[in-house]
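As structure tokens, the structure follows; a few thoughts come after it.
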Amino acid sequence: MKRGLAVVCLLVIALLGVMAFRAWRVPSPTSAPVAASEAIAVDTLAAAQRLAGAIKLATVSFASGAPIDTAAFLGLHQHLTTSFPRVHATLTREVIGGLSLLYTWRGSDSALAPVVLMGHMDVVPVPEQNLREWTHAPFSGDTAEGFVWGRGTLDDKTTVLAILEAVEGLLGAGFAPARTVYLTFGHDEEVGGRYGAKDIVDTLVRRGVSPALVLDEGGFIAANLMPGLTQRAAIVGIAEKGYVSLRLKALAEGGHSSMPTKRTAIGALSRAIARLEANQFPSRLEGPTRSMVEAMTPYMPFSRKLLLANLWITEPLVRRGMAANPLGAALQHTTTSPTMLSAGIKDNVLPPEANAVVNFRILPGETVASVMKRVTDVVADSQVVVALLDSVGVDPSPVSDVRSPAYQLLVQTIRSMLPNEQPPVIPYLVMGGTDAKYWGAHSDRAFRFLPIPLGEGDRSRVHGVNERVAIRDYATSVGFFARLIRGLDKLENTVGTDRN
């Protein structure tokens with residue numbers, strides 16, 4: 001008995017020793033100075049006013065297929081033309097998909113693979129009940145307290161304007177790119193991008209474009225992104241979840257509420273939703289999320305490093321720890337979110353039909369088809385019909401290559417934003433949708449990053465109340481794009497892999 005206990009103790013000590021050794025071997029974060037490309041001089045206040053002018057135009061996407069305020073988008077087109085005269089005198093501008101914009105900045109060497117910089121001009125609506133909570137009206141474009149206020153300052157007119165500011169400044173400095181740069185600005189990203197970004201990508205692919213780098217919104221810089229990672233860090237999207245909304249329709253016999261049938265439509269629908277919530281999709285620590293955890297490890301205190309450097313044995317503990325908050329849980333599985341319910345016309349009438357919409361954000365490795373099958377199997381009710389909402393579903397994007405020169409250029413350029421901090425740059429799975437997904441079939445160099453350092457509470461302002469951007473941080477974003485464009489020669493003549 002004692003001998004057996006001693007053997008167990010020795011094994012435990014040996015295991016702890018192996019784990020400690022593996023944690024000790026994790027390389028320390030580099031603190032070498034970043035050799036960044038030169039930025040441009042930015043007239044911060046003038047740039048903020050140009051952004052504010054764009055915010056005042058209510059280019060709202062209400063819902064897929066809903067009417068579009070064409071005048072607002074045309075007004076934004078005119079504002080960009082007026083605000084950036086060098087861009088419009090030098091680059092070729094095309095209108096694609098009705099209201100989206102494609103700019104071509106022709107490079108001097110046509111043999112070099114081009115680069116695509118993306119953004120979108122549309123914004124989400126503001127619920128009327130939230131209007132009184134805004135310190136400055138959502139489409140005021142006010143500049144006050146060091147911020148530009150309004151819908152689109154974070155998502156995503158700031159990207160559109162920052163890219164154009166950078167190009168305008170580079171043109172003024174006499175810079176000309178060796179490789180062609182495409183600027184693509186969609187008008188319907190907030191409702192899927194099916195007529196804006198998709199048309200632009202299809203157009204460029206037909207023209208033979210195979211980019212060395214694609215950059216869209218998606219990740220960001222902020223502090224306290226994950227437990228243990230307290231310093232400011234940058235997360236760069238290397239893939240994004242898929243998206244599908246399913247309609248659940250329950251059918252039953254209607255009638256008077258004084259004589260209810262054993263099976264009601266509302267009861268059947270409620271049971272179906274309860275089963276879905278009780279039977280969540282399985283969680284997995286793999287793909288982009290595993291890459292994220294591994295990239296975070298060098299920046300963690302030793303106690304957490306001990307866990308993260310030994311996933312071969314600690315993975316169940318790490319998964320449970322991550323699942324303790326909604327962000328960590330969502331990174332590990334396909335999420336299930338009932339979002340809409342409708343049934344009945346009167347309090348004493350049994351409805352013959354009840355409907356619900358359930359939204360799913362699909363983890364890489366699963367598909368729209370596999371989600372539909374699982375939902376149908378879990379609901380397991382022949383009188384509850386499961387169907388696509390609006391016949392729309394998007395599979396998860398492929399995962400882009402973090403070993404590529406494109407990703408390394410992004411890392412270097414991001415670190416140049418905060419040279420005194422040298423923030424960690426972490427690959428990340430984007431849980432929302434971006435227009436970059438349309439490049440997934442054509443390139444393994446599509447990345448997602450919003451170059452705005454977010455402050456306390458800013459993440460909740462995206463699609464929320466009091467969306468705003470600090471004027472100094474907007475200037476930092478302009479500098480990021482200027483450095484990125486100047487640094488494109490570091491890509492060499494490489495292209496992304498065509499996945500077709």
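Residue count for region 225-243, restricted to those that are under 18 Å from the mean Cα position of the chain (by Cα) and either outside any strand (DSSP E or B) or of a type in the set (D, E, K, R) (or both): 3. Of all residues in region 151-163, those that are in the same structural domain as ASN130 (by TED's automatic domain parsing) have Cβ atoms under 7 Å from Cβ atoms of residues that are of a type in the set (Lys, Arg) and not in a helix (DSSP H, G or I), 6 or more apart or on another chain, in THR153/ARG468.
Flag: ALA222 does not match the condition of being under 23 Å from the mean Cα position of the chain (by Cα) and either at pLDDT 95 or above or of a type in the set (S, T, N, Q) (or both). Within region 108-128, is there a residue that is more than 27 Å from the chain's Cα centre (by Cα) and either closer than 22 Å to ARG472 by Cα or of a type in the set (Asp, Glu) (or both)? Yes, because at least one residue in region 108-128 is more than 27 Å from the chain's Cα centre (by Cα) and either closer than 22 Å to ARG472 by Cα or of a type in the set (Asp, Glu) (or both). Listed by first and then second residue, the pairs with beta-carbon distance under 7 Å, at least 6 apart or on different chains, first residue in region 132-148 and over 22 Å from THR44 (Cβ atoms) and in contact (Cβ under 8 Å) with a residue 40 or more places away in the chain, second β-branched (Val, Ile, Thr) and part of a loop (DSSP other than H, G, I, E, B), are GLU133/VAL465; TRP134/VAL465; PRO138/VAL126. When restricted to residues that are closer than 17 Å to VAL357 by Cα and hydroxyl-bearing (Ser, Thr, Tyr), region 223-276 contains 3. For region 228-253, the tally of residues that are over 30 Å from HIS442 (Cβ atoms), surrounded by 15 or more Cβ atoms within 10 Å (Cβ to Cβ) and either not assigned by TED's automatic domain parsing to the domain that holds ALA330 or not aliphatic (A, V, I, L, M) (or both) stands at 5.
Quick grid of which residues meet (1) of a type in the set (A, V, I, L, M); (2) modelled with pLDDT of 95 or more; (3) assigned to a loop (DSSP other than H, G, I, E, B):
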| residue | (1), (2), (3) |
| --- | --- |
| ALA32 | yes, no, yes |
| ALA35 | yes, no, yes |
| ALA41 | yes, no, yes |
| ARG50 | no, yes, no |
| ALA54 | yes, yes, no |
| ALA63 | yes, no, yes |
| PRO67 | no, no, yes |
| LEU74 | yes, yes, no |
| GLN78 | no, yes, no |
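The values are calculated or read from the model by the stated rules, or taken from the named source; none is laboratory data. Everything numeric in this text was worked out from a predicted model, so none of it was measured. Using ideal geometry, Cβ is built from the backbone for each residue, glycine included, and neighbour counts are taken over all protein chains shown.
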